[in-house]
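The values are calculated or read from the model by the stated rules, or taken from the named source; none is laboratory data. Model, not experiment: these values are computed from the prediction. When we count neighbours, we look across all protein chains shown, and the Cβ atoms used for this are built from the backbone with ideal geometry, even at glycine. Surface areas here come from the heavy atoms of the whole protein model, side chains and all, with no ligands, DNA or RNA. Shrake-Rupley method; radii C 1.70, N 1.55, O 1.52, S 1.80 Å.
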Amino acid sequence: MKRARTRLVERFHLWLRALLFRTRVETEMDKEIRIHLEMETDNNIQRGMSPTEAKRAALLAFGGVEQTKEAVRDERQTLWLDQFVSDLKFAVRGFRRQPAFAAAVVTLIALGVGANAAMFSVVHHLLLAPLPYADGDRMVRVTSTAGGGRLLTSMTTASVDRWRARIRTIESITVIDNRRFELGDTARGPTERIEGVEIAPGTMAFVGMRPLVGRDIEAADTLRDAVPVALLSYSLWQRVFGARIDAIGRTIVVNNVPHTVIGVMPREFSVPFSDGAQVFPSFRGGSPDRSVDVIAKLRRGVTVETANREFAAIFTNLDKNRSEDAPRVERAIDQVPADVKRTVYLMFGAVGIVLLIACANVANLLATRAWSRQREFAIRAAMGAGRARLVRQVFVESFTLALIGGATSIAVAAGTLQLLSAQSQINRYTAGSRLEPAVLLWLVGVSVGTGFLFGLAPAIFVSADRATEALKAGNRSVAGSPSARRLRGGLVIGEVALSVVLLVASGLLIRTIVAMQHADVGFQSHGLSGVQISLTDKSLSDSAARHAILEDMLARVRSIPGIRQATLAVKIPPEFVIGTGQLEIEGRAVLASDSLSVLNLTIGRPDLFSVAGVRIIEGRVFDSYDVLTDRSGEAELVVNESFAHRFWPDGGAIGAKLRRGNGSWTNIVGIANDITVPGADRLSNAVQFYQAIGASPFRATVAFRSDLPPAAVLPAVTLAIRAASARIKIGSTVRPDDRIAAWRIEHTFTLRLIGAFAVLALLLAAFGLHATIAYSVAQRTREIGIRIALGAEAEDVMSLVIGQGIKLSVAGIVVGAVAGVLAARTMRALLYHVAPSDPATLIAVSAVLVGVAVVASYSPARRAIAVDPVEALRSE
């Protein structure tokens, strides 16, 4: 047993040596054979032979030198390597003789694989490995909830202290604060707004990284009287300090507070659940009510579900009356919105279809090339080449093209990611996607898989026994065999069918966007604008003073030429204030399943309905709430039509009483139409209430309607607000049209990508159809020549060729229409007032495909009618 093991080790050592040191081993073998022949020749000379006779006798006694070498290589089990290298060289020589063919195949592979790898990088970044850390799969975010867990709210330091010592499923916790900072000294020059994260000591250890330069934040840096310090991102260090080491110890001004730079983060560093941060000041304590972000690391083996159950149990024991909802633990993948996930999956499916079409095209090209070489393969088979050797030759060629195309696809993938990041309106989700090692491994795997896939067709035909037929009949007869035509036609039908799927998806999205643009959103968004203001200056603590300033401000705004109406509201449609607290209806039992713990509130003055164009269907608007306060707890209530019909289907909502949580009972005085913006999932809640704003709010939005463009009136509105009081802080401008467009971005973005892939698929399908028809015309040259010789008109020949293309396309359209309708059902959530089986879309797609078939077949048809009958018959 030991001897057999030793012999096996020795054989493996010899095989490895022959594989890794091939040149040396071959040289040694040549030397041994030469020495052996020379010794045998010398012996023959000593026996009295002449040198020539002695050498000949030595060769005869030794046997064939090359046969001996082959036998030795076979004994080493490296013969396959020699044959592979030989096949590879032969393939490369063949591609050099047909550079256009090789370039076309490589381009097709690069487009299909590159687009696929780009989308896989997005999938990998968002859904497979969103946190690129050693323990990224255990990192979670802990957030507070409200409204029975349906709404995420900010967590405070006080709430963290309540459960921090009790939780057992969490291994470590760090508190951070995601904020936007003003970088620069406002007294000395312009400032720059940048993203940043205040981090606590231990955050770097939590992530598992250390500063590239300098030191980490320490506990002493968070004390109230400590000098403020900050860490810089690698990009900010390069941009501001030119990557100089002496940046450590220098001062930067963050939010008008000087901070000492103590370190620089590595290039790849980012705080979990935070994107694009460039500066990292030290986290300081402060008020217990301060809003913070909490990131944690689960213990090994603990699931998110287990952690959430523990939180629910802890808060049940802490608060028997359940005045505070339990926090929720979420992974990074859980925080990706459902619509973004849906879009990513849809895009990944689309690039998969493009890849299949590219593979079908390449298979068609390779099969055609293999069939045109049937005579060559037949001669090689007649000379002793086995079927396995011929099949291996075909696969070596296909894998060579696949790997070259895969290498080229890296550039395509990188370019696609750049375009995706630049054009995408969901940039924050795709910005981190890059060609990571896992993506490159996927790219190699897809390249190898496609090489095998499109190498199957020629391999099957090469493996068939057609030597005799090929040698007797020649290339044309074999290449134009019924089985060959059926395979080429099947590939084209498949390409057209897959193109139909993408075109149907694009058509349905186009119809959806058109329907959205013509949808009744429930108010008049065009011409409506708003400017956010705040009166938080300490000198405006008196309610009467705020009320006087607000009245003066509104009077000034209303007097601006071009402005028809103006009023005050907390937010203007289609935005709502999110209210929490279980809703009670007097005289009715409200169940938890009624989902009335989260409400959409619009708080404003009574004339907001006319300014925003919201219709009162029944009853009246609420009265003004003239109490000098910013609260509206006892104001009258206007509810939306869906809510009224839901609880009072037979009428009677007017006069009913409601209250939220432990608040006061309020009367319903009116019913307004629903505000429903297609694409705004947040507004799917059917509860929309309107209440009067207090007479002296600290914060509000100046809502106004004008027939002039916003750019023409906004400067005047800003001046009017400042003229009323310099103590009013002016915030951002709100335009409902922009907000509605933003909610439609998902559909527009999806359409843009699906449309691009559909156009690419259509071009690939047209290419495949054109190549198939052109090859068919070439194979039928003799038949066409005879038809023309017998009197066939040019129109007849054109109809024959173009008809072939239309037949293939119609077959593909029928198959693709069924598949397209089935596929469209998976994107039903993206559709609006359009059915997956929309007839108009199917008819339009069919017309486009038939037109493409005619265009793709026209050039081969023109060549067909130019056939000279005499030359066609003579060539046979």
Check your understanding: Using beta carbons and a limit of 8 Å, which pairs, at least six apart or on different chains, have the first residue in region 35-49 and free of Cβ contacts under 8 Å to residues at least 60 places away in the same chain and the second one hydrophobic (A, V, I, L, M, F, W, C) and open to solvent by 60 Å² or more (accessible area, probe 1.4 Å)?
Key -> LEU37/LEU59; GLU40/ALA61
Check your understanding: Does any residue of region 688-703 turn out to be of a type in the set (D, E, K, R) and either under 13 Å from MET553 (Cα atoms) or open to solvent by less than 10 Å² (accessible area, probe 1.4 Å) (or both)?
Key -> no
Study note, to complete from the structure: If we keep only residues of region 546-560 that are of a type in the set (D, E, K, R) and either within 49 Å of the chain's Cα centre (by Cα) or within 19 Å of ALA711 (Cα to Cα) (or both), then the residue least open to solvent (accessible area, probe 1.4 Å) is ARG546
Review point. Hey, among ARG309, ARG342, ARG300, which residue is at pLDDT 80 or above and not in a helix (DSSP H, G or I)?
Key: ARG300
Practice item. Answer yes or no as to whether GLY661 is open to solvent by 10 Å² or more (accessible area, probe 1.4 Å) and either within 23 Å of GLY613 (Cβ to Cβ) or touching a residue at least 40 places away in the same chain (Cβ under 8 Å) (or both). Key: yes
Point to revise | Exclusive hit being out of contact with any Asp or Glu (no Cβ under 7 Å at 6 or more places or on another chain), of a type outside the set (A, V, I, L, M, F, W, C) and without any contact (Cβ under 8 Å) to a residue 12 or more places away in the chain, set ARG699, ARG722 | key: ARG722
Exercise for review: Would you tally the residues in region 532-563 being outside any helix (DSSP H, G or I), touching a helix residue (DSSP H, G or I) at 6+ places or on another chain (Cβ under 8 Å) and within 18 Å of ILE730 (Cβ to Cβ)?
Suggested key: 4
Review point. Residues of region 715-740 being part of a helix (DSSP H, G or I), small (Gly, Ala, Ser) and surrounded by 16 or more Cβ atoms within 10 Å (Cβ to Cβ), which ones?
Key: ALA716, ALA720, ALA724
Point to revise | Residue within region 589-604 that is crowded, with 16+ Cβ neighbours inside 10 Å, at pLDDT 90 or above, in contact with a Phe, Trp or Tyr (Cβ under 8 Å, 6 or more places away or on another chain) and not in a strand (DSSP E or B) present | key: no
Check your understanding: Restricting attention to region 210-230, does a residue exist that is under 33 Å from the mean Cα position of the chain (by Cα) and of a type in the set (S, T, N, Q)?
Key -> no
Study note, to complete from the structure: Scanning region 202-234 for residues that are assigned to a helix (DSSP H, G or I) and out of contact with any Lys or Arg (no Cβ under 8 Å at 6 or more places or on another chain), the one nearest to ARG138 (Cα to Cα) turns out to be VAL207
Exercise for review: Could you run through region 105-140 and say how many residues are closer than 30 Å to ALA758 by Cα, open to solvent by 30 Å² or more (accessible area, probe 1.4 Å) and assigned to a helix (DSSP H, G or I)?
Suggested key: 4
Check your understanding: Can you spot a residue in region 224-247 that is touching a residue at least 60 places away in the same chain (Cβ under 8 Å) and either open to solvent by 20 Å² or more (accessible area, probe 1.4 Å) or of a type outside the set (Lys, Arg) (or both)?
Key -> yes
Point to revise | Residue among SER529, SER525, SER534, SER543 that is in contact (Cβ under 8 Å) with a residue 60 or more places away in the chain, open to solvent by 10 Å² or more (accessible area, probe 1.4 Å) and within 20 Å of VAL611 (Cβ to Cβ) | key: SER525
Exercise for review: State yes or no: is LEU808 over 30 Å from GLN418 (Cβ atoms) and part of a helix (DSSP H, G or I)?
Suggested key: yes
Review point. Can you find a residue in region 565-578 that is surrounded by fewer than 19 Cβ atoms within 10 Å (Cβ to Cβ), at pLDDT 90 or above and not basic (Lys, Arg)?
Key: yes
Practice item. Determine whether region 613-624 contains at least one residue that is in contact with a helix residue (DSSP H, G or I) (Cβ under 9 Å, 6 or more places away or on another chain), part of a helix (DSSP H, G or I) and either modelled with pLDDT of 90 or more or closer than 12 Å to ILE668 by Cβ (or both). Key: no
Study note, to complete from the structure: Listed by first then second residue, the pairs whose first member lies in region 283-296 and is under 26 Å from ALA307 (Cα atoms), whose partner is surrounded by fewer than 15 Cβ atoms within 10 Å (Cβ to Cβ), with beta carbons under 7 Å and at least 6 positions apart or on separate chains, are PRO288/ALA158; ASP289/ALA158; SER291/SER154
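For every residue, the table says whether it meets (1) at pLDDT below 75; (2) open to solvent by 10 Å² or more (accessible area, probe 1.4 Å).
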| position | (1), (2) |
| --- | --- |
| THR468 | yes, yes |
| LYS472 | yes, yes |
| ARG476 | yes, yes |
| GLY480 | yes, yes |
| GLU495 | no, no |
| LEU498 | no, yes |
Review point. Quick one: how many residues across region 315-329 are at pLDDT 85 or above and open to solvent by 20 Å² or more (accessible area, probe 1.4 Å)?
Key: 1
Review point. Can you find a residue in region 700-710 that is closer than 23 Å to HIS518 by Cβ, at pLDDT 80 or above, assigned to a helix (DSSP H, G or I) and not polar (S, T, N, Q)?
Key: yes
Review point. Just checking, which of LEU769, LEU708 is touching a residue at least 40 places away in the same chain (Cβ under 8 Å), over 30 Å from PRO337 (Cβ atoms) and surrounded by fewer than 18 Cβ atoms within 10 Å (Cβ to Cβ)?
Key: LEU708
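Condition check ((1) modelled with pLDDT of 70 or more; (2) farther than 18 Å from LYS89 by Cα; (3) assigned to a helix (DSSP H, G or I)) across all residues:
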{"site": "ALA378", "(1), (2), (3)": "no, yes, yes"}
{"site": "ALA381", "(1), (2), (3)": "no, yes, yes"}
{"site": "GLN393", "(1), (2), (3)": "yes, no, yes"}
{"site": "VAL396", "(1), (2), (3)": "yes, no, yes"}
{"site": "THR400", "(1), (2), (3)": "yes, no, yes"}
{"site": "SER409", "(1), (2), (3)": "yes, yes, yes"}
{"site": "ALA413", "(1), (2), (3)": "yes, yes, yes"}
{"site": "THR416", "(1), (2), (3)": "yes, yes, yes"}
Practice item. Report, by residue number, each residue of region 817-845 that is small (Gly, Ala, Ser), in a helix (DSSP H, G or I) and either surrounded by 13 or more Cβ atoms within 10 Å (Cβ to Cβ) or touching a Phe, Trp or Tyr at 6+ places or on another chain (Cβ under 6 Å) (or both). Key: ALA817, ALA819, GLY820, ALA823, ALA824, ALA844
Review point. Can you spot a residue in region 666-687 that is open to solvent by 20 Å² or more (accessible area, probe 1.4 Å), more than 37 Å from the chain's Cα centre (by Cα) and in contact (Cβ under 8 Å) with a residue 40 or more places away in the chain?
Key: no
Exercise for review: Could you please give the count of residues in region 260-282 that are assigned to a strand (DSSP E or B) and open to solvent by 20 Å² or more (accessible area, probe 1.4 Å)?
Suggested key: 1
Practice item. Being more than 34 Å from the chain's Cα centre (by Cα) and acidic (Asp, Glu) is the filter here, so list the residues in region 247-300 that pass it. Key: ASP289
